[in-house]
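Here is the structure we will look at.
Derivation of every value follows stated rules applied to the coordinates shown; laboratory data play no part. Fair warning: this is a prediction, and the values are worked out from it, not measured in the lab. Cβ coordinates were reconstructed from backbone atoms using ideal geometry, including for glycine residues, and neighbour counts include every protein chain displayed.
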Amino acid sequence: MEKVKYSKVYRVVHWAISISFLLLLFTIFLRLTWMNKYNVAATIQDYLSTTDQVLSQEQLIALAKKIRQPMWDWHIYIGYLLVGLFSIRFILPVFGNMKIQNPFSSGLSTKEKLQKWVYIIFYVCVTVSLITGLIIVLGPKELKESMEDIHTLGIYYLVAYIIIHLAGVLIAEFTDQKGIISRIVSGSKSKD
């Protein structure tokens, strides 16, 4: 298998997208766990029980949403960043960088075709997530709930893709693509 030398542009875009995904996952993790509106409301209620103040469940949830809003704003900002990065990702092939994966290329092994299909499926899923995210934030209110249902599914493909990608990179590193990790970090060819 041919050893690819990754350009600086390729590496910067790759790592910027990777870090953005991890930050998005972090905001989702917080929203589903410690910063869950019900957990935050329960914490507020626990505190208020030591005082003479009382809030209804609706008021507690509203206050909890206000408390966690800055964290959720970061999710939106990172989403905008990803829209930009993915736009760059799909413009770069025009300039000869970061070619679009083509599973129909001749001479590919079954493994290479599978890898390319995984990338294409991932790109489609990310595109759907980015579009639904933009509609949730910028689109008409009547579409928000249905778009949120679709957008929420993104966590499942994203976690699955990260696991598949890391496993594939490690398998490649220890089999036929020795040095792939150092090449995506430094851009230099491995010394075999």
*asked:* Can you pull out every residue in region 16-60 that is without any contact (Cβ under 8 Å) to a residue 24 or more places away in the chain, of a type in the set (A, V, I, L, M, F, W, C) and under 22 Å from Ser129 (Cα atoms)?
replied: Ile19, Leu22, Phe26, Phe29, Leu32
*Of the residues that make up region 62-83, is at least one in contact (Cβ under 8 Å) with a residue 12 or more places away in the chain and of a type in the set (S, T, N, Q)?*
no
*State whether the residues of region 136-158 include one that is at positive phi and either touching a Cys at 6+ places or on another chain (Cβ under 7 Å) or exposed (fewer than 13 other Cβ atoms within 10 Å of the Cβ) (or both).*
no
*What single numbered condition from (1) touching a residue at least 60 places away in the same chain (Cβ under 8 Å); (2) assigned to a helix (DSSP H, G or I) fails to hold for Lys111?*
(1)
*Can you name the residue in region 128-185 that is without any contact (Cβ under 8 Å) to a residue 24 or more places away in the chain and small (Gly, Ala, Ser) and is also nearest to Val12 (Cα to Cα) among such residues?*
Ser182
